[in-house]
1. Looking at Leu108, is it surrounded by fewer than 21 Cβ atoms within 10 Å (Cβ to Cβ), modelled with pLDDT under 95 and in contact with a Ser or Thr (Cβ under 8 Å, 6 or more places away or on another chain)?
2. Do you know which residues across the stretch 212-237 are among the β-branched types (Val, Ile, Thr) and either more than 14 Å from the ligand (Cβ to nearest atom) or in contact with a Cys (Cβ under 7 Å, 6 or more places away or on another chain) (or both)?
3. Inside the stretch 1-14, can you point out the residues that are crowded, with 16+ Cβ neighbours inside 10 Å and under 18 Å from the mean Cα position of the chain (by Cα)?
4. Would you pick out the residues in the stretch 170-191 that are over 17 Å from Gly216 (Cα atoms) and touching a residue at least 60 places away in the same chain (Cβ under 8 Å)?
5. Can you tell me how many residues in the stretch 215-268 are aromatic (Phe, Trp, Tyr) and within 13 Å of the chain's Cα centre (by Cα)?
6. Which one of these does Ala183 not meet: (1) under 27 Å from Lys86 (Cα atoms); (2) more than 15 Å from the chain's Cα centre (by Cα)?
7. Which ones in the stretch 200-224 are free of Cβ contacts under 8 Å to residues at least 60 places away in the same chain, open to solvent by 20 Å² or more (accessible area, probe 1.4 Å) and within 21 Å of Ile51 (Cα to Cα)?
8. Take the stretch 226-237 and flag every residue that is over 18 Å from Tyr94 (Cβ atoms), without any contact (Cβ under 8 Å) to a residue 40 or more places away in the chain and open to solvent by 50 Å² or more (accessible area, probe 1.4 Å).
Amino acid sequence: MSANLKYLSLGILVFQTTSLVLTMRYSRTLKEEGPRYLSSTAVVVAEILKIMACVLLVYKDSQCSLRALNRVLRDEILNKPMETMKLAVPSGIYTLQNNLLYVALSNLDAATYQVTYQLKILTTALFSVSMLSKKLGVYQWLSLVILMTGVAFVQWPSDAQEPDAKALSAGSQFVGLMAVLTACFSSGFAGVYFEKILKETKQSVWIRNIQLGFFGSVFGLMGVYVYDGELVSQNGFFQGYNRLTWAVVALQALGGLVIAAVIKYADNILKGFATSLSIILSTLISYFWLQDFVPTR
Ligand code: C5P
């Protein structure tokens, strides 16, 4: 049963990561009338959707009784402030990371972003070894090194690029790259920290996700205020939202659920390998189908 859940959750993760990166990239590059949606608000909406889904799952686990749901939420979240506070750390880091990924995808193409972001496999392994005392075999370290070499190749500037286009995009590529690299560290640390909390304490994974989402929404709202406060007061919180935006937000919320399940039933290192499978998928799809909206570099 638990082995099934492990592979099922890993499989859904491959699907979710591939669709999220393609939809997000598409939504950030599509030229439309009116203002573009604010990524800072999308991060908050995704957190709120995630909390709603987790509350439903806890409700289901409490035999669909509202009274039992109320008791679990009160006993496990409100009455255990210290346990709840533990989640403020990964949550703050994830909020920063979720915003960084929008910066990255506004400046890099989907495939480059995906491959570079796989460096997080290495950072995750390092944090797993240091924080969870995991042992990695020679082959596991070797595969990490092979992956890193692949990443270096992808970053190599191609001769096929126009010199003008290269000069124009250098700044933007640099910003994108810095954003992804920072996200690699935050991803490794926050993922392993969340795994430590999940595996070393008794609370259910959905309760932990509600706690994470609560802080995520608070930090995310602070981000909206700081970065886009003025725009929100002019054009509203949901400016530029269309069906595609809602798809991105729903996929991101789904990601939170699947990732929590993967961390519980498998671990962060396996999660990294599953998501790198999605590189192959997103590269193939963006090459064959999405060429027409990948902007010139
Ligand atoms: O790239 P990485 O695997 O680190 O991304 C993790 C993503 O999953 C982040 O967007 C984070 O907000 C989300 N997450 C979540 N709930 C968890 C763990 C991660 O929403 N329990």
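1. Spelling it out, it is not the case that Leu108 is surrounded by fewer than 21 Cβ atoms within 10 Å (Cβ to Cβ), modelled with pLDDT under 95 and in contact with a Ser or Thr (Cβ under 8 Å, 6 or more places away or on another chain).
2. Within the stretch 212-237, Val224, Val226, Val232 qualify.
3. Within the stretch 1-14, Ser9, Leu10, Ile12, Leu13, Val14 meet the criteria.
4. Ser172, Gln173, Val175, Gly176, Leu177, Ala179, Val180, Leu181, Thr182, Cys184, Phe185, Gly188 - these are the residues of the stretch 170-191 that are over 17 Å from Gly216 (Cα atoms) and touching a residue at least 60 places away in the same chain (Cβ under 8 Å).
5. The qualifying residues number 0.
6. Going through the list (1) under 27 Å from Lys86 (Cα atoms); (2) more than 15 Å from the chain's Cα centre (by Cα), Ala183 breaks only (2).
7. Here is the first cut: in the stretch 200-224, the ones free of Cβ contacts under 8 Å to residues at least 60 places away in the same chain are 200, 202, 205, 218, 222.
Checking which are open to solvent by 20 Å² or more (accessible area, probe 1.4 Å) leaves us with 200, 202, 218, 222.
Those that are free of Cβ contacts under 8 Å to residues at least 60 places away in the same chain, open to solvent by 20 Å² or more (accessible area, probe 1.4 Å) and within 21 Å of Ile51 (Cα to Cα): Lys202, Val218, Met222.
8. Glu230, Ser233, Gln234
The values are calculated or read from the model by the stated rules, or taken from the named source; none is laboratory data. Note that the structure is predicted; figures quoted are calculated from it, not measured. Cβ: placed from backbone, ideal geometry, glycine included. Neighbour counts: every protein chain shown. Surface accessibility is based on the protein's heavy atoms, side chains included, excluding ligands, DNA and RNA. Shrake-Rupley method; radii C 1.70, N 1.55, O 1.52, S 1.80 Å.
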